[in-house]
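Let me begin by presenting the structure, written as structure tokens, before commenting on it.
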Protein chains: 4
Amino acid sequence: MIHVLSSTPSILNQFIAEIRDAEIQRDKMRFRKNLERLGTIFASSISARLTYEMKEVITPLGIAVVPVLQEYPVLATILRAGLPFHQGLLHFFDKSDNAFISAFRKHHKDGSFSIHIEYASVTDIENKVVILSDTMLASGSSMVLAYRELISHGKPKHTHIAAVLASVEGLEYIKKHLDQQDITIWVGVIDEELTAQSYIVPGLGDAGDLAYGIKH
Amino acid sequence: MIHVLSSTPSILNQFIAEIRDAEIQRDKMRFRKNLERLGTIFASSISARLTYEMKEVITPLGIAVVPVLQEYPVLATILRAGLPFHQGLLHFFDKSDNAFISAFRKHHKDGSFSIHIEYASVTDIENKVVILSDTMLASGSSMVLAYRELISHGKPKHTHIAAVLASVEGLEYIKKHLDQQDITIWVGVIDEELTAQSYIVPGLGDAGDLAYGIKH
Amino acid sequence: MIHVLSSTPSILNQFIAEIRDAEIQRDKMRFRKNLERLGTIFASSISARLTYEMKEVITPLGIAVVPVLQEYPVLATILRAGLPFHQGLLHFFDKSDNAFISAFRKHHKDGSFSIHIEYASVTDIENKVVILSDTMLASGSSMVLAYRELISHGKPKHTHIAAVLASVEGLEYIKKHLDQQDITIWVGVIDEELTAQSYIVPGLGDAGDLAYGIKH
Amino acid sequence: MIHVLSSTPSILNQFIAEIRDAEIQRDKMRFRKNLERLGTIFASSISARLTYEMKEVITPLGIAVVPVLQEYPVLATILRAGLPFHQGLLHFFDKSDNAFISAFRKHHKDGSFSIHIEYASVTDIENKVVILSDTMLASGSSMVLAYRELISHGKPKHTHIAAVLASVEGLEYIKKHLDQQDITIWVGVIDEELTAQSYIVPGLGDAGDLAYGIKH
């Protein structure tokens, strides 16, 4: 199941417009802030699918019986481009455990590249709900590799895959390689085109470079 | 029309549970942070009712035609208890103009009190969409007075009234005194009881004192 | 005693340069953010004059004897322009109680104006250290009035007066009207000129309008 | 040269006390927030050693000649424990480029371990000022390895090494392995003891686990 958050009007569209805009991108602080704000909106949307339990809370004036999260999801993200988006998710799910995974594009002499996992710092995910996030879902191969790395550490109860911008091709790739029963996909917006170098068009460029500087 | 944001499960319920909890309230930073987080959720919800227009955005790789806010709402709040909630609204509507209004409880010798407007710093609201926010909507009289103060400065296109906690009685008061066509009400949760001193029960106590210290 | 924080090189100068710059001011979010960052720098500087006591802290691996704040200062600010700067102070002094005071310029027919206190929400300040902050210290009369309003609620142990931009004339006015033993002054930078309308030149314009929109 | 920021009284000591405190550590949000606040204090302190140039800034009311940063330092950090501290540095140096390096403890059968670099995402550092940060400087070997990884990408003009908590032994290790002319060291506080497992005592425990959850 794919949820496209821009399909209804909301301030999320404003934030996406700003991160796409080459002029506004020159302010790296605003670029990162927009990804953080988007992260909180995704957190809020995904939180509708989590499990709550009723709890008695003692207020200064009485007792309230209110729903609280039964357990916090584990927040996994892909380095480095996923970090500002992850910050937003963590801002809302402040008690969550976290996992960081790095995916690396290895460029070959013929101009092609393959993606490898280099680094994975993963907390216990066995039987947990996981939110696996990245800013961009381009070819989809980083996300699939990260997911496989994750499940080598344990079997999640369910995984929500979250990306601000996704390509049609990337979504197809995910659907082809991951079992639909295990995952739910949340994206901000879907772009049609993917270049041979796996850049989403019109997209926004390289999210990692825009947030943190051009990689050497 | 009244929107009750806690009527569907989401992380908003967790934040409301925490601001109610007398134990968790001891951490003033978390109390304010929760109100800010709630402010961003309200901003996101209310933003679904704002007007967007399509705009061409030049990305580093192409042109995207995307919806952006046609105009930002004016954010009005009631001092001092409304400030942390307002911070959250402003965090999302970062280009908005703002209005600050202070309402004052004048206590009479017989134990009753009346509410007066002392201070109003208001930007141009003529024909603008306004979000008038306060953390609590108890008796409703501060909100109605603040609204009247606002419209003495101009006629808004529409006003969204936002409060984290509301009493049944307060909502009735608003409906009785304000024209339903001019306003839309957004609340986090509705509590049944209102004490003679206009405290919501079970509520959370005095939001201003909890955020900023006991007023002398 | 007057501490001028820009007298030594530091990132504070960068933030002050940005809030002065008419082009950068167009981004209200960055304008407010810069005032918040400046607030944290002032908090850090002023904190060197507060009192600490040694406390045993139990870490997961042992016991550390460390200095902690003996008591948090009360943070008082002047509405509305002081709010973003106050946010920064509160970000560091997160357990502090707070006071909000509004000063109002009453314009007379002859073009002159006088400043009045309209609103004061003050916590207990008796025998407390107080930090009274405003973004601008122009003529100095708002600050002096706010100080007098404050001390009508109790006698502070000591008051730190903090302003990002100050005029020579405003500092003279403070020195003339307040007892030097009761206060310590902290400013970011001192500008020479003050216009007849009490604007600091070159200054930065109207801090309240830049943060929150032009007052109606 | 080693700067120990806790050697003079300031709110920094309060933040360090809180991150050490096993009880307060239970609030992961506050733990991360304290590291972020410490990051901004370090940024401010280190910024005194950066180079500024005078620039004409056009304010709404005149022209101010003010010092601005000549260039932003590159912010390098060690994953994952360095991230919240790095967030604070980045909050102040918002235009900086960034580098992320992961160091990995490989445990051997005899109970010993060695540290390896797994992942490095590095921007151009040639002739740049670099701030290389980590929350803890325990044995010092991660920091030395990260530094060597960094300089394999270019030769920095100068490197500031920043850590909230350092051990005497770790500082000795740095001094022994790195050329003192190339680096300046900034630490919050120095603890005497280092366990055989390279934990600082009394320290604070494992900063990565406390911020992000126990690594699987």
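Each reported figure results from applying straightforward, stated rules to the coordinates on display, with no laboratory input. Given the structure is predicted, the values throughout are model-derived calculations rather than measurements. Counting neighbours? That spans all protein chains shown, and the Cβs are built from the backbone with ideal geometry, glycine included.
Laid out as a table, the results:
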{"quantity": "GNM top mover of B:127, B:13, B:98 - chain B, alpha-carbon springs below 10 Å", "calculated": "B:127"}
{"quantity": "Choice from D:121, D:112, D:47 with maximal GNM fluctuation in chain D (Cα, 10 Å cutoff)", "calculated": "D:112"}
{"quantity": "Residue order, fewest to most beta carbons within 10 Å, for B:94, D:134", "calculated": "B:94, D:134"}
{"quantity": "Segment residue B:107-residue B:26, extension gain: residue separation times 0.36 nm, minus the distance between their alpha carbons", "calculated": "26.4 nm"}
{"quantity": "DSSP-assigned coil residues among GluC sites (Glu not before Pro) in segment B:1-86, each with at most 13 further Cβ atoms within 10 Å", "calculated": "B:23"}
{"quantity": "Chain D - percent relative contact order, Cα under 8 Å, separation 6 or more", "calculated": "21"}
{"quantity": "Sorted by Cβ density within 10 Å, fewest first, the residues A:115, A:183", "calculated": "A:115, A:183"}
{"quantity": "Average beta carbon contacts from partner chains per residue of A:84-94, 10 Å cutoff", "calculated": "4"}
{"quantity": "Segment B:73-178, relative contact order in percent, only Cα pairs under 8 angstrom and at least six apart counted", "calculated": "28"}
{"quantity": "Helix-only [θ]222 nm of the protein assembly as shown, DSSP H runs n ≥ 4, -39500 (n - 2.57) each, per residue, nearest 500", "calculated": "-9500 deg cm²/dmol"}
{"quantity": "Other protein chain Cβ atoms within 10 Å, averaged over every residue that makes up A:50-58", "calculated": "4"}
{"quantity": "Choice from A:67, A:84, A:156 showing the highest fluctuation, given a GNM over chain A with Cα pairs closer than 10 Å", "calculated": "A:67"}
{"quantity": "Burial ordering of B:44, A:152, B:96, fewest other beta-carbon atoms within 10 Å first", "calculated": "A:152, B:44, B:96"}
{"quantity": "Net dipole in debye of the protein assembly as shown [+1 Lys, Arg Cβ; -1 Asp, Glu Cβ; about Cα centre; nearest 20]", "calculated": "0"}
{"quantity": "Degrees separating the helix B:11-20 axis from the principal Cα axis of chain B, which is the longest one", "calculated": "30"}
{"quantity": "Too-long pairs where the Cα-Cα distance tops 29 Å, listed order kept, from B:128/C:33; C:157/D:95; B:106/C:155; C:55/C:95", "calculated": "C:157/D:95"}
{"quantity": "Simple Cβ-charge dipole of chain C, Lys/Arg +1 and Asp/Glu -1, about Cα centre, in debye nearest 20", "calculated": "260"}
{"quantity": "Cβ neighbours within 10 Å from other chains - mean over C:187-196", "calculated": "1"}
{"quantity": "Rg and Dmax of chain D, Cα atoms only, in Å", "calculated": "17.8, 71"}
{"quantity": "Semi-axes of the equivalent ellipsoid for segment C:12-85, Cα gyration tensor, largest first, Å", "calculated": "35, 15, 11"}
{"quantity": "0 to 90° range, to nearest 10: angle between helix A:28-47 axis and chain A longest Cα axis", "calculated": "50"}
{"quantity": "Descending semi-axes in whole angstrom, ellipsoid equivalent of the protein assembly as shown, from the Cα gyration tensor", "calculated": "41, 34, 27"}
{"quantity": "Rel. contact order, % - alpha carbon contacts under 8 angstrom, at least six apart, segment A:73-119", "calculated": "36"}
{"quantity": "With Cα atoms, 0 to 90° folded angle of helix A:168-177 axis to chain A main axis", "calculated": "70"}
